[in-house]
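> Please read through the structure below; I'll follow up with questions.
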Amino acid sequence: MEKLGLISHLGRYAMLLNRTFSKPEKLSVYMRQIFREIDSLGIGSLGLIAIISIFMGGVITIQSAYNFTSPFIPLYAVGLGTRESIILEFSPTIVSLIMAGKVGSNIASEIGTMRISEQIDALEIMGVNSAAYLIMPKIIGSVFIFPFLIIISMFLGILGGYVMGVATGACSSYEYIFGIQSFFVPFNIAYALTKTVIFAFIITSVSSYHGYYTHGGALEVGKASTKSVVYNSIIILITNLVVTKLMLVH
Amino acid sequence: MIEIKNINKTFGDRQIIFDVSFTFLPGKCNLVIGESGSGKTTIMKMMVGLVTPETGEILYDGADFLSMTLREKQELRKSIGMLFQGGALFDSQTLEENVIFPLDMFTDMSKEEKLERANFCLKRVNLENKNKLFPSELSGGMKKRAALARSLSINPKYLFCDEPNSGLDPRTSIVIDELIKEVTEEFNITTMVVTHDMNSVIGIGHNILYLYKGKKWWEGTNKQVLRTDNKELLDFVYASEFLRELRPK
Ligand SMILES: Nc1ncnc2c1ncn2[C@@H]1O[C@H](COP(=O)(O)OP(=O)(O)O)[C@@H](O)[C@H]1O
Ligand SMILES: [Mg+2]
């Protein structure tokens, strides 16, 4: 990728998105692609997300119990604290960062390889809008499937907390379950899923951008893939701050 | 028929193409030949719209390509097939899916019709029963043939081939050349072949444009090439001392 200033990058990114969201040549082909992307981006990441969520849920519970040593804090606060950490931050943001690594580098190298091996040129010559064909299904697919993944992650994280908490004696089964049922604020779920949808859009579009404008050879594809992970992570962290400020701080 | 008229192209401050005009005839293999770096690929890319010339005209059967809107270009491109140097097959798709892809995108054919067409095209390039293979499982020659099958699937009126036999052994090269020539004549396609391979020049060069440092230096047929007295073309054709001695007087 040639040296461009921030403004030029933003301009080119906006132009790419504009081309991405133009009228598809053939709806049926695009629908098929969307389902493929849902499968590979979403379902393909389920295992990783499950393992990470269970373990992180467990660790969050044990750490909370370890810190709540004061007799004035009831033990059910462990369940409550775990639930809130997972719903507000761990599942939407940390899991998205992990997805930025897994899915983001995958997208950038896939599209980058298609660029350097002239597959994108081949699409254009056929009269296919390559940006729309390659990128739109990824964005739509991930924006659709990520919220489900994050809900599953929340569920497994809280479950992991329960299993580890009870197994290690950090809190009792009764207290944990009482805790996760207390003071539940439905708005927090809305907040978490809003973040998720925005992160899904960022991960797929930024990685696609880096892949699409690769040129050179295999080395540049590798660089594009690394770069996309770095940019994704930074943008996600900044966006997280902005959305949190807008939605939670009044 | 495709006509290019007075095409000029500059990259940065280096002019690469100087005022080139040529007519590409239907039903014939139209060759653009010249040394590496003489601008052959650039001319092809301008003709299909991957690169825009500063001045000049490109006419597809009279229709002015450069003044078309993006939609009109996309419409025209449905009648263009292109064979890329590396094949540019879609890695994630089987051969059959590759060949069917343009049909999926641009036609309303039924599943059976598409499959029939794919089988016809694969058979035409001697790849029958290889439907389910992925590009990574093919040799270089097979990839080229599969790419040719894909560009044929939509019945192109225009076919562009960039160095179709680069990286292939001489025998496979001739097979590819022959295939290109056959389909060109069979389906009356206006075919452009970029090459620096002398076998191709002799074998399929019915209408040749010789580029020298970005300029049109010579045009003619394969028969005329051998008897030319154009110095640069002679050096290009009879690159070796050995061949020069064999040259017909
Ligand atoms: N996108 C580009 N930017 C700058 N220079 C280019 C570009 N494409 C080609 N060139 C230059 O134009 C010249 C002709 O290139 P090309 O058309 O690929 O030659 P050929 O196909 O005959 O080998 C070369 O010197 C090449 O470096
Ligand atoms: Mg070339």
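> Quick one: net charge around B:D197, please, counting Lys, Arg +1 and Asp, Glu -1 for every other residue with C-beta under 15 Å from its C-beta. Can you show the working numbers first?
Numbers: positive: B:K40, B:K144, B:R171, B:K181; negative: B:E35, B:D162, B:E163, B:D169, B:D177, B:E178.
Result for the local shell: -2.
> Compute, for the protein assembly as shown, the length of the dipole vector about the Cα centre, with Cβ point charges of +1 (Lys, Arg) and -1 (Asp, Glu) only. Units Debye, rounded to 20.
The dipole of the protein assembly as shown has a size of about 360 debye.
> When the Karplus curve 6.51 cos²θ - 1.76 cosθ + 1.60 is applied with θ = phi - 60°, which whole-Hz ³J(HN,Hα) does each residue of segment B:37-42 get, with x for Gly and Pro?
With coefficients 6.51, -1.76 and 1.60, one gets x, 7, x, 5, 5, 4 Hz.
> Just how far, in whole angstrom, is segment A:1-34 from segment A:110-189 if you go by their alpha carbon centroids?
Comparing the Cα centres of segment A:110-189 and segment A:1-34, I get a distance of 22 Å.
> Provide A:I54, A:I236 ordered by accessible surface of protein heavy atoms (probe 1.4 Å), highest first.
A:I54, A:I236
> To the nearest 10 degrees, how steeply does helix B:140-152 sit against the main Cα axis of chain B, on a 0 to 90 scale?
70
> A further question on this structure: Could you pull the accessible area for A:I73 with a 1.4 Å probe, rounded to 10 Å²?
The value for A:I73 is about 70 Å².
> A further question follows. Which order, highest average first, do B:134-143, B:152-161 follow once you tally other Cβ atoms within 10 Å for each residue and take the mean per peptide?
B:152-161, B:134-143
> Using a 1.4 Å probe and counting only protein heavy atoms, arrange A:F184, B:F236 so the residue with the most accessible area comes first.
Working: A:F184 105, B:F236 25 Å².
In descending accessible area the options line up as A:F184, B:F236.
> I've got another one for you. Working from Cα positions, state the angle (0 to 90°, nearest 10) between the long axis of helix A:27-37 and the longest principal axis of chain A.
Around 50 degrees separate the two axes.
> With r defined as the distance between the Cβ atoms of B:L243 and A:M247 and R0 fixed at 56 Å, what FRET efficiency is calculated, to the nearest 0.05?
The formula returns an efficiency of 0.15 here.
> Next question. With every protein chain left in place, what is the accessible area of B:R124 in Å² (1.4 Å probe, nearest 10)?
50
> Work out the FRET efficiency for B:S139 and B:S36 from their Cβ-Cβ distance, taking R0 = 25 Å, and round it to the nearest 0.05.
Efficiency, from the Cβ-Cβ distance: 0.55.
> Pulled fully out, how much extra length does the chain show between A:R12 and A:F144, if you take 0.36 nm times their separation in residues and subtract their Cα-Cα distance?
My answer for the length gained is 45.0 nm.
> How far apart, in nm, are two points set 7 Å out from the Cα along the Cα-to-Cβ line at B:D169 and at A:K23?
Computed distance between label sites B:D169 and A:K23 equals 5.1 nm.
> Let me ask something additional. Do the alpha carbons of any pairs in B:K9/B:K231; B:K73/B:K157; B:K157/B:K181; A:K195/A:K223; A:K3/B:K45; B:K9/B:K73 sit beyond 18 Å of each other, and which pairs? Walk me through the numbers before you get to the answer.
Values: B:K9/B:K231 25 Å; B:K73/B:K157 14 Å; B:K157/B:K181 14 Å; A:K195/A:K223 28 Å; A:K3/B:K45 25 Å; B:K9/B:K73 20 Å.
Pairs exceeding the cut-off: B:K9/B:K231; A:K195/A:K223; A:K3/B:K45; B:K9/B:K73.
> Still on this structure, please answer the following. As I understand it, the dipole of the protein assembly as shown uses +1 on the Cβ of Lys and Arg and -1 on the Cβ of Asp and Glu, about the Cα centre. Which of B:L66, B:F187, B:S92 lies farthest toward its positive end?
The residue sitting farthest along the positive end of the dipole is B:L66.
> Rank A:Y133, A:Y213 by accessible area, highest first, at a 1.4 Å probe radius?
These residues rank, largest area first, as A:Y213, A:Y133.
> Still on this model: Below 8 Å, C-alpha to C-alpha, sequence gap of six or more: please give me the relative contact order for chain B in percent.
28
> Related question: Taking a ≥ b ≥ c as the square roots of the Cα gyration tensor eigenvalues, with a/c under 1.5 meaning rounded and otherwise prolate when a/b beats b/c, else oblate, which class fits segment B:1-81?
Oblate.
> Starting from the Cα gyration tensor of the protein assembly as shown, take the square roots of the eigenvalues, sort them a ≥ b ≥ c, and report rounded, prolate or oblate (rounded when a/c is under 1.5, otherwise prolate if a/b is larger than b/c, else oblate).
In terms of gyration-tensor shape, prolate.
> So, one more: Compute the helix-to-body angle for A:46-67: its Cα long axis versus the longest principal axis of chain A, expressed 0 to 90° and rounded to tens.
Approximately 30 degrees, to the nearest 10.
> Still on this structure: What's the center-to-center distance, using Cα atoms, between segment B:12-62 and segment A:214-236 in Å?
Each part's Cα centre sits 34 Å from the other's.
> Shifting gears a bit: Please list, in order, the residues from segment B:171-194 whose amide nitrogen is less than 20 Å from a point placed 7 Å along the Cα→Cβ vector of B:N126.
Zone members listed by number: B:171-187.
> Let me ask something else. Could you run the Karplus curve 6.51 cos²θ - 1.76 cosθ + 1.60 with θ = phi - 60° over segment A:230-244 and give me ³J(HN,Hα) per residue in whole Hz, x for Gly and Pro?
After applying 6.51 cos²θ - 1.76 cosθ + 1.60, I find 4, 4, 4, 4, 4, 5, 5, 5, 5, 4, 4, 5, 5, 5, 4 Hz.
> With a ≥ b ≥ c the root eigenvalues of the C-alpha gyration tensor of chain A, is it rounded (a/c under 1.5), prolate (a/b larger than b/c) or oblate?
Taking the square roots of the gyration eigenvalues as a ≥ b ≥ c, chain A is prolate.
> Using the per-residue mean of other Cβ atoms lying within 10 Å as a proxy for protection, in what order, highest first, do the peptides A:96-102, B:21-27 fall?
Descending mean neighbour count gives A:96-102, B:21-27.
> Going by amide H atoms built from the backbone, whose H comes under 5 Å of the H on B:G27, apart from near neighbours?
B:I189, B:T190, B:T191
> Convert each backbone phi in segment A:201-212 into a coupling constant with the Karplus relation 6.51 cos²θ - 1.76 cosθ + 1.60 (shift: θ = phi - 60°), then list the ³J(HN,Hα) values in order as whole Hz, x for Gly and Pro.
Result, rounded to whole Hz: 4, 4, 4, 6, 6, 5, 5, 4, 4, 5, x, 5.
> Can you give me the Cα centroid spacing of segment A:49-82 and segment B:80-112 in angstrom?
Here the two parts' Cα centres lie 54 Å apart.
The values are calculated or read from the model by the stated rules, or taken from the named source; none is laboratory data. For clarity, every value in this text was computed on a predicted model and none was experimentally measured. Glycine also receives a Cβ, built like all others from the backbone with ideal geometry; neighbour counts cover every protein chain displayed. Ligands, DNA and RNA are stripped out before the accessible areas are found, and what is left, the full protein with its side chains, is counted by its heavy atoms. Shrake-Rupley method; radii C 1.70, N 1.55, O 1.52, S 1.80 Å.
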